[in-house]
Amino acid sequence: MLHSGETIGQNKIEIGKAKYNQYIITADTTLLKKSMQIALGDGSIIERLQIESEGKFHYLVGTGTCKGYAKIMAVTLSYDIASRTWYAAKGNGYATCSSAACKDCKPFKENGQIIGCHCTDLGTVSNHCNFTKKETSLFYSTYARLNLQRNEILKK
């Protein structure tokens, strides 16, 4: 939800909209992927993006790899129900799930909130997944900086 005093462009960035029962990413996906990779800072390569919502919790989910293992990053989003728009806000955190001894790890949610990871591959020798959660991240500021740089280049 938008809070009083927040303005688009200064404190939040539009990520996507709900249209015709679909979640459409409206932000530059190349910059979103790069921002996730920089925020993670571990050599991760983000290959796919999607918006996921469950109850009052909303995420921009990036899937990819890190050092040959599957990795998922879920950035917390804000949602404005009136405009049906998702936003990344300054300081929003994220959660990650990384495969270790498990071939395929997915976020585990309780009442819509990501609280851990679980192995979805029953044929794996171990069911170990690495879970991290950061309450704040560099995602927003990185995206804003990359977007500004792109706009400056386009002006030339």
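The values are calculated or read from the model by the stated rules, or taken from the named source; none is laboratory data. Nothing here was measured: the structure is a model prediction, and the numbers come from that model. Heads up, the Cβs are rebuilt from the backbone with ideal geometry, glycines too, and the neighbour counts pull from every protein chain shown.
Yes or no, residue by residue, for (1) modelled with pLDDT under 95; (2) out of contact with any Phe, Trp or Tyr (no Cβ under 6 Å at 6 or more places or on another chain); (3) small (G, A, S):
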position	(1), (2), (3)
S4	yes, yes, yes
T26	no, yes, no
L32	no, yes, no
E54	yes, yes, no
G62	no, yes, yes
A74	no, no, yes
S78	yes, no, yes
W86	no, no, no
A89	yes, yes, yes
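Results for (1) out of contact with any strand residue (DSSP E or B) (no Cβ under 7 Å at 6 or more places or on another chain); (2) free of Cβ contacts under 8 Å to residues at least 24 places away in the same chain, shown as yes or no for each residue.
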| residue | (1), (2) |
| --- | --- |
| E47 | no, yes |
| L60 | no, no |
| A74 | no, no |
| W86 | no, no |
| S98 | no, no |
| C105 | no, no |
| I115 | no, yes |
| Y140 | no, no |
| E152 | yes, yes |
I'm trying to understand the selection: among the residues of region 74-87, which are crowded, with 16+ Cβ neighbours inside 10 Å and of a type in the set (S, T, Y)? T76, S78, Y79, T85, Y87
Only one residue in T136, T142 is assigned to a loop (DSSP other than H, G, I, E, B) and under 23 Å from H58 (Cα atoms), so which one is that? T136
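Please indicate, with yes or no, whether at least one residue in region 102-120 is within 22 Å of T29 (Cα to Cα), part of a loop (DSSP other than H, G, I, E, B) and within 14 Å of the chain's Cα centre (by Cα).
no
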For region 37-52: of the residues being modelled with pLDDT under 95 and hydrophobic (A, V, I, L, M, F, W, C), which is nearest to Q149 (Cα to Cα)? I38
Among the residues of region 115-150, which ones are of a type outside the set (S, T, Y) and within 22 Å of I13 (Cα to Cα)? K133, K134, E135, L138, F139, A144, R145, L146, N147, L148, Q149, R150
Return the only residue of K90, K109, K71 being within 23 Å of G16 (Cβ to Cβ), out of contact with any Asp or Glu (no Cβ under 9 Å at 6 or more places or on another chain) and surrounded by 14 or more Cβ atoms within 10 Å (Cβ to Cβ). K90
Quickly run through region 64-100 and pick out the residues that are closer than 16 Å to S137 by Cβ and outside any strand (DSSP E or B). K90, G91, N92, G93
Looking only at region 32-48, count how many residues are surrounded by 15 or more Cβ atoms within 10 Å (Cβ to Cβ), within 12 Å of the chain's Cα centre (by Cα) and not β-branched (V, I, T). 8
